[in-house]
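What follows is one structure encoded as structure tokens, with my remarks underneath.
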Amino acid sequence: MENTTKNDSVKVGELEFPPRKVWMKTYGCQMNYHDSERIMSHLSGMNFTKTEEQSEADLVIFNTCAVRDLANQKFYSHLGETKKLKTNPDIDPETGLKKNVIVAAGGCIAQTEGKDLVQKYKQLDFAFGTDVIDNIGEMVYRAYAGEKKFTVTAWDRSDNYSIETKITQGTPQAFVNIIKGCDKFCSYCIVPFTRGREKSRRLAEVVTDVKRLVEYSGIQEVMLLGQNVNSFGKDNGESLGQLIMELEKVNGLHLLRYTTSHPYDVTDDLVEAHANSKKLANHLHLPVQSGSNTVLQRMLREYTVEHYLSLLAKMRKANPEMVITSDIIAGFPNETEEEHQQTLQLLKDAQFDNIYAYAYSSRKGTKAARMNDVLTDDIRGRRLREVMDLQLSIQAEIRRGMTGKTYRVLVDGKNINKGVQKWQGRTSCNRIVHFEPANPEQDYMWNWVDVEITSATALSTQGTLIKEYGKTL
Ligand code: SF4
């Protein structure tokens, strides 16, 4: 689409786009947040700016998640509420005209149920899937050209996956997507159906992309993203370990993280990268899901508990500062009490710094959803509580060991608790640390600081400011 400016409007194709506002709600994982940022960057070229107030919006976009039950329910409830935007639209104070609010839904739910959504919800103008994010401009154009009730959920069939990272936030942190899709087909997961097959970007392209972000956008911390980042480069004879060691050479890049990992694809060169890279975070999120080999088999996870624990040992040997976090699903279909106890044992053996634990909930279209399941919600709830209680006691003990140590953090927020203002940042090992400012007037946002930990519990870490470096190291 060709853009020319005239007064405050932007001409796109045959249409004038006056300044408009977009309200966007993102659910779910970091991949969705990355996609939303991409959507926003395309829309800014069509004269849209972001608003936090839905009532001000000309365009409302939901970027949905099909993985978590709660995110699912929230989306349907929020979508239902947009009916009033159409039936009772605000009057634009400048033109005195009724606003023509356009409502769209994208992301994982829209990928699989887009057509049904558009039919069922009168207020929904269009739905779009996960592989057409970069076509959002055309869809918005079609909507403003008067087209209603359409769905775009095509898959990109090309062999190449080539993009340039778009950022709109103006912060020194960026998400950089390196692989899309997933070939694993875990029996409980809908992602391979909503995100398609794995496709990696080329290593050289990612390195050029990150260099550009560092040089021209002041990015200092990069999160490499993918549903299974450990599969990066498999088709091209490249690997995540190689990519990390290439990014190690980028001047001005200070911190590198990656998520999400699958234990099956943790290779020796990735372990070596953790030993050799100075920029790679001292943190690995390695979802295990269960401590029972029989449950892992039913989940189609392709590894055993013994293999998983051997990976943790290798990683900790490669980098003794390494902090490991994980995911647990409590109450997978037909999980026996013994299998549940094996998960509790795994928590003791693995010594995770933190876990994301969920009670299993069924996802339509998956193999697990077709299992004849005997567990009740009460059993699942009880097992989830037991997992969380044990984990909290383990992590309280681990985190007590932080007291007296000094950590470098990039300050990314502040909050006021009981009248006391505190700043917060994330350590290289992914723990959030709060500290009181030495000078209450000083703005520490996006500054690098060293903080000595004065107290740490399972859920909170407090410290004292030791040293300030300013906005770059
Ligand atoms: S690895 Fe398994 S859980 Fe993760 S996205 Fe792929 S199918 Fe889903």
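The values are calculated or read from the model by the stated rules, or taken from the named source; none is laboratory data. None of these values were measured; they are calculated from a predicted model. When we count neighbours, we look across all protein chains shown, and the Cβ atoms used for this are built from the backbone with ideal geometry, even at glycine. The protein model used for the area step is the full one, side chains on, heavy atoms only, and it has no ligands, DNA or RNA in it. Shrake-Rupley method; radii C 1.70, N 1.55, O 1.52, S 1.80 Å.
Count of segment 448-463 residues, restricted to those that are part of a strand (DSSP E or B) and either among the small types (Gly, Ala, Ser) or open to solvent by 50 Å² or more (accessible area, probe 1.4 Å) (or both), is 5. Residues that are touching a Pro at 6+ places or on another chain (Cβ under 7 Å) and open to solvent by less than 50 Å² (accessible area, probe 1.4 Å) within segment 369-391 comprise just one, 375.
Any residue at all in segment 65-81 that is open to solvent by less than 40 Å² (accessible area, probe 1.4 Å), part of a strand (DSSP E or B), on the phi < 0 side of the Ramachandran plot and more than 16 Å from the ligand (Cβ to nearest atom)?
No, the conditions are met nowhere in segment 65-81.
Contact annotation: residue pairs with Cβ atoms under 8 Å, 6 or more positions apart or on different chains, pairing a residue in segment 288-303 that is in contact (Cβ under 8 Å) with a residue 12 or more places away in the chain and closer than 10 Å to residue 329 by Cα with a partner that is acidic (Asp, Glu) and within 13 Å of the ligand (Cβ to nearest atom), are 288/327; 289/327.
Scanning segment 105-126 for residues that are of a type outside the set (S, T, N, Q) and over 21 Å from the mean Cα position of the chain (by Cα) yields 113, 114, 115, 116, 117, 118, 120, 121, 122, 124, 125, 126. Counting only residues that are of a type in the set (Gly, Ala, Ser) and modelled with pLDDT of 95 or more, which one in segment 184-216 is surrounded by the fewest Cβ atoms within 10 Å (Cβ to Cβ)? Looking at the filtered set, the residue picked out is 204.
Is it the case that segment 255-272 has a residue that's assigned to a loop (DSSP other than H, G, I, E, B), more than 16 Å from the ligand (Cβ to nearest atom) and assigned by TED's automatic domain parsing to the domain that holds residue 209? No; the residues of segment 255-272 include none that is assigned to a loop (DSSP other than H, G, I, E, B), more than 16 Å from the ligand (Cβ to nearest atom) and assigned by TED's automatic domain parsing to the domain that holds residue 209.
Residues that are under 13 Å from the mean Cα position of the chain (by Cα) and open to solvent by less than 40 Å² (accessible area, probe 1.4 Å) within segment 228-269 comprise 228, 229, 257, 258, 259, 261, listed in sequence order.
Annotation note: Cβ proximity below 9 Å between a residue of segment 204-228 that is within 22 Å of residue 239 (Cβ to Cβ) and among the hydroxyl-bearing types (Ser, Thr, Tyr) and a residue that is within 16 Å of the ligand (Cβ to nearest atom) and not in a loop (DSSP other than H, G, I, E, B) (sequence gap 6+ or interchain) occurs for no pair.
Test residue 361 against the stated conditions and say whether it is more than 28 Å from residue 427 (Cβ to Cβ) and open to solvent by 10 Å² or more (accessible area, probe 1.4 Å).
yes
Filtering segment 45-53 for residues that are more than 19 Å from residue 143 (Cα to Cα) and either in contact (Cβ under 8 Å) with a residue 40 or more places away in the chain or of a type in the set (Val, Ile, Thr) (or both) leaves a non-empty set. For residue 430, the conditions (1) surrounded by fewer than 21 Cβ atoms within 10 Å (Cβ to Cβ); (2) in a strand (DSSP E or B); (3) touching a Lys or Arg at 6+ places or on another chain (Cβ under 8 Å) are fulfilled apart from (2).
For segment 273-300, taking the residues that are among the polar types (S, T, N, Q) and assigned to a loop (DSSP other than H, G, I, E, B), the one that is nearest to the ligand (Cβ to nearest atom) is identified as 290. Within segment 397-425, if we keep just the residues that are open to solvent by 20 Å² or more (accessible area, probe 1.4 Å) and in a helix (DSSP H, G or I), the residue that is farthest from residue 349 (Cα to Cα) turns out to be 400. When segment 301-318 is filtered for residues that are open to solvent by 70 Å² or more (accessible area, probe 1.4 Å) and either within 16 Å of the ligand (Cβ to nearest atom) or polar (S, T, N, Q) (or both), the ones remaining, listed by number, are 302, 307. Restricting segment 164-214 to residues that are within 14 Å of the ligand (Cβ to nearest atom) and of a type in the set (Gly, Ala, Ser), the residue that is nearest to the chain's Cα centre (by Cα) is 181.
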